[in-house]
1. In this structure, is VAL150 in a strand (DSSP E or B), closer than 22 Å to VAL170 by Cα, of a type in the set (A, V, I, L, M, F, W, C) and not assigned by TED's automatic domain parsing to the domain that holds ASN192?
2. For segment 90-126, which residues satisfy the criterion of being part of a loop (DSSP other than H, G, I, E, B) and without any contact (Cβ under 8 Å) to a residue 12 or more places away in the chain?
3. Which is modelled with pLDDT of 95 or more, in contact with a Lys or Arg (Cβ under 8 Å, 6 or more places away or on another chain) and under 28 Å from GLN122 (Cα atoms), of PHE159, PHE155?
4. Go through segment 191-232 and report how many residues are acidic (Asp, Glu) and surrounded by fewer than 17 Cβ atoms within 10 Å (Cβ to Cβ).
5. Please determine whether any residue of segment 128-147 is in a helix (DSSP H, G or I) and basic (Lys, Arg).
6. Please tell me if ALA182 is touching a strand residue (DSSP E or B) at 6+ places or on another chain (Cβ under 8 Å) and either of a type outside the set (D, E, K, R) or buried (at least 19 other Cβ atoms within 10 Å of the Cβ) (or both).
7. Scan TRP129, TRP168 and give me the residue that is in contact (Cβ under 8 Å) with a residue 40 or more places away in the chain and of a type outside the set (A, V, I, L, M).
Amino acid sequence: MNTNHEKPVNEASTDHTGRSGVDSSRRAFSRFGITALPAVLTLTSKTALGTPYLCTVSGMQSGNLSSHPGQPNCGVGFSPGGWWQNANNTGNSDGNLNQWLAAGVNPFSIRRTRVNGVFQNQVRYQGIWRTGVTWEPIYGLINNRFGNGVAAHTFSSVFGGTNSRSLWDVLDQQSGSLEFHAIAVFLNARLNQVTGQFNPIYLEITPAYIVSIYNSTSLSADQKKAYFEMLQH
């Protein structure tokens, strides 16, 4: 199921070639000129010369991603637009509800409540409690995974800070922001731990690694955003 709504998303996020958006972000990342990185962002030597390392912040800094034959395409993960647009889709689109749930992340709060003497299963979507045949499959999948009355995962519960919006609400309301891209890469990393579908690129790009980059004080917001964009298609 997918509701009929459209929203512009960051152009780099919706580049399905896997190249142009990644290349522009790579140039932007290099232009910022990182000179020092905290220890939490460095990798062990076991992959120091391999593809997984080349797609980490340390690998970018090393210059190994300058244009040359055989360089890895780091942009293998789903875009923020995919995770946003398809969260209420139970089909096979990138970032669909089944993939949110496989990643262990709940995009929407649900509840079962009595209305005019009749119990209803409701899903909170864009600030409104929705019910009816369209929303029953979504309620059912979330209820089966997390239980009835569960709240959506919030941005602050993952990344810290004071942003109490749900991850999906941030995707919906803060299109193109650093947080928009951080959420997508975090979800990619979570999904990869279950399915391995973004390996080998995401072998070293774990959820904890993404959170550490988002909270790094050694990188600017522009640097973080450019890096996250490089990991999406």
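The values are calculated or read from the model by the stated rules, or taken from the named source; none is laboratory data. The structure displayed is predicted, hence computed values, not measured ones. Heads up, the Cβs are rebuilt from the backbone with ideal geometry, glycines too, and the neighbour counts pull from every protein chain shown.
1. no
2. Within segment 90-126, the first condition is being part of a loop (DSSP other than H, G, I, E, B), and the residues that meet it are 90-96, 103-109, 116-117, 126.
The answer is ASN92, ASN96, ASN116, GLY117.
3. PHE155
4. Quick first cut of segment 191-232, residues acidic (Asp, Glu) only: 204, 222, 229.
When the remaining residues are screened for being surrounded by fewer than 17 Cβ atoms within 10 Å (Cβ to Cβ), the result is 222.
Residues that pass the stated criteria total 1.
5. yes
6. Judged against the criteria, ALA182 is not a match.
7. Numbers: TRP129 fails: in contact (Cβ under 8 Å) with a residue 40 or more places away in the chain.
None of the other options fit; the residue is TRP168.
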